[in-house]
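The values are calculated or read from the model by the stated rules, or taken from the named source; none is laboratory data. Predicted model, so just to flag it, every value in this text is computed and none were measured. Glycine gets a Cβ as well: all are built from the backbone with ideal geometry, and neighbour counts include every protein chain shown. Keep in mind that these areas ignore ligands, DNA and RNA; they rest on the heavy atoms of the full protein, side chains included. Shrake-Rupley method; radii C 1.70, N 1.55, O 1.52, S 1.80 Å.
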Amino acid sequence: MERLFQRNVDSLKDVFIFVKTFSAEAGLGERTVFYLEFIIEELFTNMVKYNPRTTADIRVALERFRSELVVTIVDPDSERFDLMDAPPVDITQSLDERKIGGLGIHLVKTMADSVGYEYKDRQSKIVIRKKIEDTNVDR
């Protein structure tokens, strides 16, 4: 299942409806849906926030392969930004000592089982793989 969303934080409402629809059809449990929503919200918001020069829609695709989810998010007109190159966040520091930024990406990398990145012709493609931890139905 995939869909295009306008590059705007207001589109998150529609993104969440899309995720809920997919999750219900895929029989995902609450815990897995929470992870899925968090990961997509963080990546989508970053694409909107850090690439305001374009109005190109962002593509979100969701697939289920047995006990694994694959989330693909494509930003069609962007600068290169590989999540795996983001500097690590020292979560042992106090909030006063910690630099602003990076925590969301840290959490995405922690929640995901794998993170892939491709960049070609100004198109960023992030592929997240996540094992399904709970379901509402047997698949």
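Taking θ = phi - 60°, what integer Hz values does the Karplus form 6.51 cos²θ - 1.76 cosθ + 1.60 yield along region 35-42, in sequence order, with x for Gly and Pro?
4, 4, 5, 4, 4, 5, 4, 4
Take 35, 50 and sort them by solvent-accessible surface of the protein heavy atoms, 1.4 Å probe, largest at the top. Provide the component values of the computation, followed by the final result.
Values: 35 40, 50 150 Å².
Of 35, 50, the descending order of accessible area is 50, 35.
Among the lysines, select those whose C-alpha is under 20 Å from the C-alpha of residue 130, and discard any that sit fewer than 8 residues away in the same chain.
Hits, sequence-local ones excluded: 20, 109.
Based on the Cβ-Cβ distance from residue 25 to residue 80, what FRET efficiency comes out when R0 is 41 Å, to the nearest 0.05?
According to the calculation, E is roughly 0.75.
So, in nm, how far is label residue 134 from label residue 17 when the simple model puts each one 7 Å beyond its Cα toward the Cβ?
Computed distance between label sites residue 134 and residue 17 equals 2.6 nm.
What is the spin-label model distance, in nm, from residue 114 to residue 72 if the labels are put 7 Å beyond Cα along the C-beta direction?
The modelled label-to-label distance comes out at 1.4 nm.
Just to check I understand the Karplus step: with θ = phi - 60° and J = 6.51 cos²θ - 1.76 cosθ + 1.60, what whole-Hz values come out for region 53-59, glycine and proline as x?
Result, ordered by residue: 6, 10, 10, 4, 5, 9, 9 Hz.
Not counting ligands, DNA or RNA, and with a 1.4 Å probe, what is residue 121's accessible surface area in Å² rounded to the nearest 10?
130 Å²
Starting from the amide H of residue 69, placed 1.01 Å from N in the peptide plane, find each other amide H under 5 Å away whose residue is 5 or more places distant or on another chain.
HN-HN under 5 Å from residue 69: 130, 131, 132.
Where a Cα-Cα gap under 19 Å defines reach, which lysines qualify for residue 13, not counting those fewer than 8 residues away within the same chain?
49
On a 1.4 Å probe surface of the protein chains, which of 32, 55 comes out largest in accessible area, and what is the full order? The partial results should precede the final answer.
Working: 32 5, 55 125 Å².
The most accessible residue leads, giving 55, 32.
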